[in-house]
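Quick notes on the structure that follows.
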Amino acid sequence: MKPRPGEIPGAEGPVRDLLWRLARQPAGWVGLVLVGCAILGAGLAPWLAPHPPAEIHLDAQLAPPTADHPLGADFFGRDIASRLLYGGRATLAVAGTAVALAASVGTAIGLVAAISGRWLGQLWVGLIDLLLAFPALLLALVVVALLGPGPRAQAVAVGVAGIPLYARLTRSVALTLRQMLFVDAARALGAGPWHILRHHLLPGVVTPLLALITVNTGTAILSVAALGFLGLGSAPPQAEWGLMLFEGRQYLAVAPWASLAPGLAITLTVLGVTLLGDALTP
Amino acid sequence: MSTEESQATFPAYLRRRLLTAGLTLLGVATVTFALIHLLPGDPAETMLARAGASPEAVAALRTGLGLDRPLLAQYLGWLGNLARGHLGTSLLNGRPVAVLIAEQFPHTLALALTAFSWALLLGLTLGVIGAWRPGGWAARLATVAAVGGIAVPVFWSGLLLIWLFSVRLGWLPPAGAQGVRSIIMPALVLGYSSAGPVARLTRATLLEVLAQPYITAARAKGLNRRQVVLRHAAANALIPVLTVAGLQLGFLLGGTVVTETVFSRPGLGRLLIDAIIWRDLPVVQGVALVVAGAYVLVNLTVDLLAGWLNPARGWE
């Protein structure tokens, strides 16, 4: 096998490195297509949806799929296809916010922990370990208990549960990099800790970080939908995938399509993200 | 050299691990104590806001929870109560939190353990098949099934099973916790979600072990694939799998929350969700403490077990 340019970390830029890896794996392409569909559907919801998501059609209560309602209708006669598109917006936006929160705060903590001295560093490690002592969903639920149910709590909760993952990864990668010769060289040339952090540690952290972000996005979508399903996220009449399942569950016997569509949407999106993550992880 | 060598013994390792676990438990207790003070606004008012309580009731709750005492006194009181097994009283029904948890815990434990056995069985099987002939159709199928376990949400696969086995076929009860038959579907669904990570790690470690020289030597001796994979490789691949399996048991303790809701089963999950909706913070604190505590103990056990199984790793 020929050595690829991406072998040297950061030699060709992290994004290029990831695209290289992706290009060689068909499963990654499938993932990319699934994720692309989910994002397009959510982004173009106002143009693609046949009906407004909260519009009530009393003549179509629990109606099976027809030409007018391609995926059927729910208990209020609301069009499931439209709610699915708008629901994707809510679920993906909340999950995206959560991942952004976890990645930024977690990376910052990890970097600070890596450049802190021995005692302070240990203190940070202790804090990270303490957060990891709580199962992720439990941690998320505790945050919801503090903030009270709602989409804001949903995002913060899932984000907080992700913070220790990023902190741990960033710290360990940065610690390895810190012992490299080029960091010593920079220090010998008089570079301060902030300069080393910004120009020598951060670039090396980006590639593993992007892989973790991909994997974490899958978990985040599942957790967001789980909170929605538990009735702790968006409130009716909002459309959100987890909430749609929570509502559809009551009419499972008479209208299984109301539960089928949102569940399939979650599964395919998470599957896409997982495949993408597998292709991107070294 | 001699000091470092002498420290790397099992008793020293055990002492250090027990100390870390003890500190983590103290940390968990501190975090759960802090919860009530992290509530936005006045904790007593926030908790009773939903019920629309009178100022007298809020004042009574403040005294009842000891919120008017100095912080350090509250903290030491909390630790002292924990040591005696007191977890406070529910705001909703006035019953001791410890009793509420003791009532629900058996249901959750039964579900978590059944699901765990199923997750191990399925995960190991899928992992071995996935590593058997990499690239073959059976291996591909097993890998897809493992990814499915990660991607399919419990609250959806649960609904699908209810629809098939309860609504259509009428074989299994859709809800409740009466009898063995009611645990089948929840355990299948929850276990499958945990089998995915186990299968992926089993496959990855097996493939790594199978590339070792001693495996080639075993093959050269004339042993067939079955003997090599199951006897020579599996024994060494099991140790990292054990660690992830321990993590999964902790994950299951959390995952029961969703599963219990899907199947309307009693358990810690239902207790916690109701407590969150009603802002019954003493119950939230109690459940969080018990589940996180169990998680810490499971991880400690797994670490010690992995160390015992693989002494060559050393006691660092």
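Bear in mind that the values in this text are calculations on the coordinates, not laboratory data. In this text, all values refer to a predicted model and were calculated from it rather than measured experimentally. Positions of Cβ are backbone-derived with ideal geometry, glycine not excepted, and every protein chain shown enters the neighbour counts.
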Residue list for the stretch A:103-118, given a label point 7 angstrom along the Cα-to-Cβ vector of A:Leu202 and an amide N cut-off under 17 Å = A:103-116
Mind listing the phi-derived Karplus ³J(HN,Hα) values for the stretch A:247-261, rounded to whole Hz, using 6.51, -1.76 and 1.60 with θ = phi - 60°, and x for any glycine or proline?
-> 6, x, 4, 5, 10, 4, 6, 9, 9, x, 5, 5, 9, 5, 4
Grab the other residues whose beta carbon is less than 15 angstrom from that of A:Ala90, score K and R as +1, D and E as -1, and report the net.
-> +2
Length gained if B:Leu76 through B:Gln227 is fully extended, taking 0.36 nm per residue and subtracting the Cα-Cα distance, is 48.5 nm
For the stretch B:177-243 and the stretch B:38-105, what is the separation of their C-alpha centers, rounded to whole Å?
-> 46 Å
Between the residues B:Leu249, B:Gln285, B:Val167, the Cα farthest towards the positive end of the dipole of chain B, that dipole coming from +1 and -1 charges on the beta-carbon of Lys, Arg, Asp and Glu, is from B:Val167
Work out the FRET efficiency for B:Leu113 and A:Ala23 from their Cβ-Cβ distance, taking R0 = 56 Å, and round it to the nearest 0.05.
-> 0.80
Under unit Cβ charges (Lys, Arg +1; Asp, Glu -1), what dipole magnitude, rounded to 20 debye, does chain B have relative to its Cα centre?
-> 1320 debye
Classify chain A as rounded, prolate or oblate from the Cα gyration tensor: take a ≥ b ≥ c as the square roots of its eigenvalues, call it rounded if a/c is under 1.5, otherwise prolate when a/b beats b/c and oblate if not.
-> prolate
Treating only Lys and Arg (+1) and Asp and Glu (-1) as charged, each at its beta carbon, one finds that chain A has a dipole about its Cα centre, in Debye to the nearest 20, of 1020 debye
Here the net charge surrounding B:Thr89, from other residues whose Cβ is less than 15 Å away from its Cβ (Lys, Arg +1; Asp, Glu -1), is +2
How many angstrom separate the Cα center of the stretch A:165-205 from the Cα center of the stretch B:250-299?
-> 40 Å
According to the square roots a ≥ b ≥ c of the eigenvalues of the Cα gyration tensor, what is the shape class of the protein assembly as shown, taking rounded for a/c under 1.5, prolate for a/b larger than b/c otherwise, and oblate for the remainder?
-> rounded
Kirkwood hydrodynamic radius over Cα pairs of chain B, then Stokes diffusion coefficient at 10 °C and 1.306 mPa s, in µm²/s = 70 µm²/s
Restrict the search to the stretch B:20-95; then list the trypsin sites (Lys or Arg not before Pro) that DSSP places in a loop and that have at most 16 other Cβ atoms within 10 Å of their Cβ.
-> B:Arg84
Picking from B:Thr20, B:Thr259, B:Thr108, which is most flexible by a Gaussian network model of chain B using Cα springs under 10 Å?
-> B:Thr20
Among A:Val94, A:Leu141, B:Val228, whose Cα sits farthest toward the positive end of the charge dipole of the protein assembly as shown (+1 at Cβ of Lys/Arg, -1 at Cβ of Asp/Glu, about the Cα centre)?
-> B:Val228
Contour minus Cα-Cα distance for B:Arg181 and B:Ala217 (0.36 nm per residue) | 8.1 nm
Shape call for the stretch B:26-86, from the Cα gyration tensor axes a ≥ b ≥ c (a/c under 1.5 means rounded, otherwise prolate when a/b beats b/c, else oblate), comes out prolate
Helix B:55-64 sits at what angle to the longest principal axis of chain B, using alpha carbons and giving 0 to 90 degrees rounded to 10?
-> 60 degrees
Among B:Leu91, B:Leu304, which comes first, second and so on when ranked by fewest other beta-carbon atoms within 10 Å?
-> B:Leu304, B:Leu91
Modelled label-to-label distance, B:Arg95 and B:Ala60, 7 Å Cα→beta-carbon offset: nm?
-> 2.1 nm
Extension gain, A:Val105 back to A:Arg118 (0.36 nm per residue minus Cα-Cα distance, nm) | 2.6 nm
Give me A:Ile196, B:Ile273 ranked fewest to most by other Cβ atoms within 10 Å of their Cβ, as a rough exposure proxy.
-> A:Ile196, B:Ile273
For the stretch A:132-172, list residues with backbone N below 20 Å from a point placed 7 Å from the Cα of B:Leu297 toward its Cβ?
-> A:132-136, A:138-139
Quick one: helix A:136-147 against the long Cα principal axis of chain A, what's the angle to the nearest 10°, folded into 0 to 90?
-> 70 degrees
R0 = 56 Å: FRET efficiency of B:Arg15 with A:Trp47, Cβ-based, nearest 0.05?
-> 0.30
With a point put 7 Å past each Cα toward its Cβ, work out how far B:Leu67 is from A:Val254 in nm, to one decimal.
-> 4.4 nm
Proxy reagent accessibility, fewest Cβ within 10 Å first, across A:Ser116, B:Ser54, B:Ser182, A:Ser82 | B:Ser54, A:Ser116, B:Ser182, A:Ser82
If you take the beta carbon distance between A:Val15 and A:Asp129 as r and set R0 to 35 Å, what does 1/(1 + (r/R0)^6) give as a FRET efficiency, to the nearest 0.05?
-> 0.65
Once you have the Kirkwood Rh of the stretch B:199-268 from its Cα pairs, apply Stokes-Einstein at 20 °C and 1.002 mPa s and quote D in µm²/s.
-> 149 µm²/s
Excluding A:Ala145 itself, calculate the net charge of residues whose Cβ lies under 10 Å from the Cβ of A:Ala145, where each Lys or Arg counts +1 and each Asp or Glu counts -1.
-> 0
